[in-house]
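The values are calculated or read from the model by the stated rules, or taken from the named source; none is laboratory data. All values reported here derive from a predicted model rather than from experimental measurement. All Cβ positions, glycine included, derive from the backbone under ideal geometry; neighbour counts span all protein chains shown.
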Amino acid sequence: MNNKMATMPVNKLMIKMGLPIIVSMMLQALYNIVDSAFVSNMEGGEAAINALTLAFPVQMLMVAIGIGTGVGVNVLLARSLGEGDKEKASKAAGNGVFLGIVITAVFMLFGFFGADAYIGSQTSDNAISEMAVSYLQICCVCSVGIVFFSVFEKVLQAAGLTVQSTLAQISGAVINIILDPIMIYGLLGCPKMGVQGAALATVIGQIASFLIALFFHIKKNKSIKNGLRYIRPDKTTIKLIYKIGLPAIIAQALMSVMTYGINLILGAVDASLVTAYGLYYKIQQFILFAAFGMRDTITPIVSFAYGMRDDQRVKSGIKYGVLYTSVIMLSRTLLLEIIAEPLCAAFGLSGGTQALCVSATRIISAGFFFAGISLSLQGVFQALGKGVSSLIISLLRQLVLILPVAWALSLLITPDLSNAWLVWLTFPFAEIITAIIACILLKGSCSLFSYL
């Protein structure tokens, strides 16, 4: 077998595959940071940032369902290739396309009929609501790019074409960065569109990434066969995709639920907390997506080795996956601690809101190392079909240990917000407890014990 997934030393394979995936994931997070940076510096920028923060959970949900479906396709495809079953792998990729069509249709309908009610549940400010609804409607109605790129990115990664998936992501990100100031501020003859321009720049970049990924898939991916017969929905294949992918969808979707809940909790205290958290969260995603990239590298490598029944490669996948992710997250923690003030200052916030953003950056980032452990073990559990363990990790770090604690700490915040930093302690607390439980789950699993 000449496939590098079967023959290359796992430590080298993880670096070779991981670097492009990490870059790709971080660029995905860059979309929201770039939008926020340009929007924050337009007239009424702080209110506009608040609007984007309210819309953000639905954007995250789109990514969650797209990526989760892609993870299911990725693992099933990689495992099938490891077993030497090209027909099964082709059917996994084809059914991923069918599911992408269904997901896109659902979000388009939400954009037309649900955006108003969703935004209205979080704010009564008409100006903020209007901006948030217009931004969200564009992102939902034009969701074809983000949904299908999420699927084809995972298909390319499962076949070992990580450079190509990264090139597609980079191309979309560059287009977004170029179009943002043009469409937001009305440059080069383009009308001044504000937050609508930010949304249009984002979806155009996403569609470009999808089309480039599709091109690479058709031209470069020789591991699977293409054709309408593979896109035809197959109940067994779809069931297998979501048996693997549903925990990943829930894990990603919990980010939306958590952000929505945090918006409500912080909004009950002061709107500036919502703005500060919204900006920090996008900065954090840029960092955490590096760990997501390692998780998504671990998953196909361990899954392929599992399909080969190669215990030693599975063991190496776990070892190097946790090690590399931990190193990445430690370095990111140190970086944010050093540049917290100048980074937050770049968004042109008022003094009080900027101070809140800085405190959030410094306190919450202290939990990154522990988040890296949890996320890397999630990749292991997904690869080996331990979806329940993966789901437990997600529930703990994004819901069970977050919303109740954040709500309780928010009650202690004084009207002058001088002790608002207390609420940020919620996040490192949740990451530490989750990492401990993730390690216990790994050790407690009989089927995985031999890999420790």
Report task. Looking only at region 143-164, count how many residues are in contact with a His (Cβ under 9 Å, 6 or more places away or on another chain) and touching a residue at least 60 places away in the same chain (Cβ under 8 Å). Result -> 5
**Report entry** Qualifying residue in region 335-350 (condition: of a type in the set (S, T, Y) and buried (at least 20 other Cβ atoms within 10 Å of the Cβ))
**Finding:** no
Query raised in the report: Does S359 satisfy the condition of being in contact (Cβ under 8 Å) with a residue 24 or more places away in the chain and under 30 Å from N74 (Cβ atoms)?
Result: no
Query raised in the report: Restricting region 243-291 to residues that are in contact with a Gly (Cβ under 6 Å, 6 or more places away or on another chain) and among the aliphatic types (A, V, I, L, M), which is surrounded by the fewest Cβ atoms within 10 Å (Cβ to Cβ)?
Result: I249
**Report entry** Cβ pairs under 8 Å, 6+ apart, first in region 170-186 and closer than 15 Å to S36 by Cα, second among the basic types (K, R) and modelled with pLDDT of 90 or more
**Finding:** I184/K192; Y185/K192
**Report entry** 3 or more residues over 29 Å from L356 (Cβ atoms): qualifying helices (runs of 4 or more DSSP H) within region 19-138
**Finding:** 45-82, 86-113
Requested in this report: Any chance you could count how many residues in region 308-333 are surrounded by 21 or more Cβ atoms within 10 Å (Cβ to Cβ), in contact (Cβ under 8 Å) with a residue 60 or more places away in the chain and either touching a Ser or Thr at 6+ places or on another chain (Cβ under 7 Å) or among the acidic types (D, E) (or both)?
Outcome: 1
**Report entry** Which numbered condition G120 fails, given (1) touching a helix residue (DSSP H, G or I) at 6+ places or on another chain (Cβ under 7 Å); (2) farther than 30 Å from T299 by Cα; (3) of a type outside the set (A, V, I, L, M, F, W, C); (4) in contact (Cβ under 8 Å) with a residue 12 or more places away in the chain
**Finding:** (4)
Report summary line: Per the filter on region 310-347, residues farther than 30 Å from G45 by Cβ and touching a Lys or Arg at 6+ places or on another chain (Cβ under 9 Å) are G321, T325
Query - The one condition in (1) surrounded by fewer than 24 Cβ atoms within 10 Å (Cβ to Cβ); (2) of a type in the set (V, I, T); (3) within 17 Å of the chain's Cα centre (by Cα) that V151 fails to fulfil - result: (1)
Query raised in the report: What are the pairs, 6+ residues apart or on separate chains, where a residue within region 256-272 that is modelled with pLDDT of 85 or more and polar (S, T, N, Q) has its Cβ under 7 Å from a residue that is assigned to a helix (DSSP H, G or I) and surrounded by fewer than 18 Cβ atoms within 10 Å (Cβ to Cβ)?
Result: S272/G352
Query raised in the report: Across region 402-429, which residue is surrounded by the most Cβ atoms within 10 Å (Cβ to Cβ) among those that are within 20 Å of the chain's Cα centre (by Cα) and of a type in the set (A, V, I, L, M, F, W, C)?
Result: F427
Report task. Please identify the pairs in which a residue from region 362-382 that is within 12 Å of M294 (Cβ to Cβ) has its Cβ atom under 8 Å from the Cβ atom of a residue that is not in a helix (DSSP H, G or I), counting only partners at least 6 apart or on another chain. Result -> V380/K386; V380/L448
**Report entry** The listed residue being closer than 25 Å to Q382 by Cα and among the aliphatic types (A, V, I, L, M), out of L109, L81
**Finding:** L81
Requested in this report: For region 212-242, enumerate the residues that are among the hydroxyl-bearing types (S, T, Y) and either surrounded by fewer than 15 Cβ atoms within 10 Å (Cβ to Cβ) or in contact with a Cys (Cβ under 7 Å, 6 or more places away or on another chain) (or both).
Outcome: T236
